[in-house]
Amino acid sequence: MTVTPVDLSVYLVTDAAQCEARGRSVAETVAQAVKGGVTAVQIREKHTDGGDFLRTVTEVAAVLPEHVALIVNDRVDVFLAARAAGIRVSGVHVGQSDLPPSAVRDLIGPHAVLGLSAATPDELRAAAQDPAGVHHVGIGALHATRTKADAPPSLGHDGFARLARLSDLPAVAIGGVNPADLPRLREAGAAGAAVVSGICAAQDPSAAARAYADAWSRVPARSREKDLA
Ligand SMILES: Cc1ncc(COP(=O)(O)OP(=O)(O)O)c(N)n1
Ligand SMILES: Cc1ncsc1CCOP(=O)(O)O
Ligand SMILES: [Mg+2]
């Protein structure tokens with residue numbers, strides 16, 4: 001696995017319904033959020049057909065600066081179709097009930113980002129040992145969330161830190177993450193925070209993203225070894 005480094009510190013995961021409820025498309029929301037400091041974007045479409053999903057990925061890619069990773073949730077076929085069409089997509093995020101990481105890696109190749117959800121010690125250890133080369137893990141839910149009905153139970157900060165410590169993979173927290181959580185997450189060695197409603201449902205996605213980016217940068221980066229010792 002030789003993946004280009006990705007900044008996951010302020011990781012926006014999109015929700016079309018939340019964006020539309022604010023009168024914006026997903027791409028408009030992403031464009032505003034990037035101005036506020038979002039560093040990575042995942043397109044998550046749970047109720048959309050393949051064609052519309054691909055259109056959204058295409059629209060988002062068109063507004064995304066080169067340095068911001070674009071990750072596709074669940075749909076390896078949409079990632080492959082986008083890449084085949086010459087759209088800059090960085091990788092795929094899958095969960096425990098999606099295609100297994102090894103199958104995804106075979107399809108996306110050695111250079112694409114592969115994110116995997118993990119919510120238990122066994123899932124964390126398996127991710128770390130997976131020869132497919134999982135690039136990072138999404139650990140959640142940090143707090144209760146209304147965005148995902150079947151989200152795993154809340155871990156809280158202590159639970160997140162305990163899980164993150166079990167592997168050397170970069171770990172992002174997800175689920176009800178607010179800007180106030182970011183200093184504690186960074187101190188626990190997190191690579192970042194994945195956020196849906198905190199940005200998609202915000203009146204001003206740029207200001208919301210800036211609040212996350214500022215909160216992240218308030219805590220100096222420390223070596224992961226030191227953080228997790
Ligand atoms: C960064 C990140 N972490 C976790 C998830 C959740 O993925 P999954 O468990 O597959 O659930 P769905 O998002 O597919 O409903 C994620 N999407 N991103
Ligand atoms: C996709 C996902 N996976 C675990 S919790 C969650 C939803 C997080 O959404 P929000 O940031 O609005 O709580
Ligand atoms: Mg999934």
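For a quick check of your reading of the model, give me the residue pairs whose first member lies in the range 78-105 and is of a type in the set (Phe, Trp, Tyr), whose second is more than 16 Å from ligand 2 (Cβ to nearest atom), with beta-carbon atoms closer than 7 Å and at least 6 apart or on different chains.
Phe79/Val89; Phe79/Ile108
Being within 14 Å of the chain's Cα centre (by Cα), surrounded by 22 or more Cβ atoms within 10 Å (Cβ to Cβ) and assigned to a helix (DSSP H, G or I) narrows it down to one of Val89, Val104, Val78, Val30, so name that one.
None of the other options fit; the residue is Val30.
Select from the range 121-151 the residues that are in a loop (DSSP other than H, G, I, E, B), in contact (Cβ under 8 Å) with a residue 24 or more places away in the chain and either closer than 20 Å to Val196 by Cβ or within 15 Å of ligand 2 (Cβ to nearest atom) (or both) and list them in ascending order.
Step one: list which residues in the range 121-151 are in a loop (DSSP other than H, G, I, E, B), which gives 130-135, 141-151.
With in contact (Cβ under 8 Å) with a residue 24 or more places away in the chain added as a condition, the list becomes 130-135, 141-148, 151.
Correct list: Ala141, Leu142, His143, Ala144, Thr145, Arg146, Thr147, Lys148, Ala151.
Which pairs do you get when a residue that is in a loop (DSSP other than H, G, I, E, B), found in the range 107-120, comes within reach of a residue that is of a type in the set (Phe, Trp, Tyr), reach meaning Cβ atoms under 9 angstrom, with the pair 6+ apart or on two chains?
Pairs that qualify, where the first residue is in a loop (DSSP other than H, G, I, E, B) and the partner is of a type in the set (Phe, Trp, Tyr), are Ala112/Phe79.
Working carefully through the options Arg105, Arg83, Arg44, find the one that is in contact with a strand residue (DSSP E or B) (Cβ under 7 Å, 6 or more places away or on another chain) and more than 14 Å from ligand 1 (Cβ to nearest atom). Outline the logic, then answer.
On the way: Arg83 fails: in contact with a strand residue (DSSP E or B) (Cβ under 7 Å, 6 or more places away or on another chain); Arg44 fails: more than 14 Å from ligand 1 (Cβ to nearest atom).
Within the list Arg105, Arg83, Arg44, the selection yields Arg105.
Can you say whether Gly133 is closer than 28 Å to Thr4 by Cβ and either of a type outside the set (Ser, Thr, Tyr) or within 16 Å of ligand 3 (Cβ to nearest atom) (or both), as far as the supplied structure shows?
The answer is yes for Gly133.
Every residue in the range 119-143 that is within 15 Å of ligand 1 (Cβ to nearest atom), in contact with a Ser or Thr (Cβ under 8 Å, 6 or more places away or on another chain) and among the small types (Gly, Ala, Ser), please.
Listed by number, the residues that qualify are Ala127, Gly138, Gly140, Ala141.
None of the figures in this text is laboratory data; all of them are computed from the coordinates on show. Please read all numbers here as calculations on a predicted model, not as lab measurements. Every residue, glycine as well, gets a Cβ built from its backbone with ideal geometry; the counts of neighbours run over all protein chains shown.
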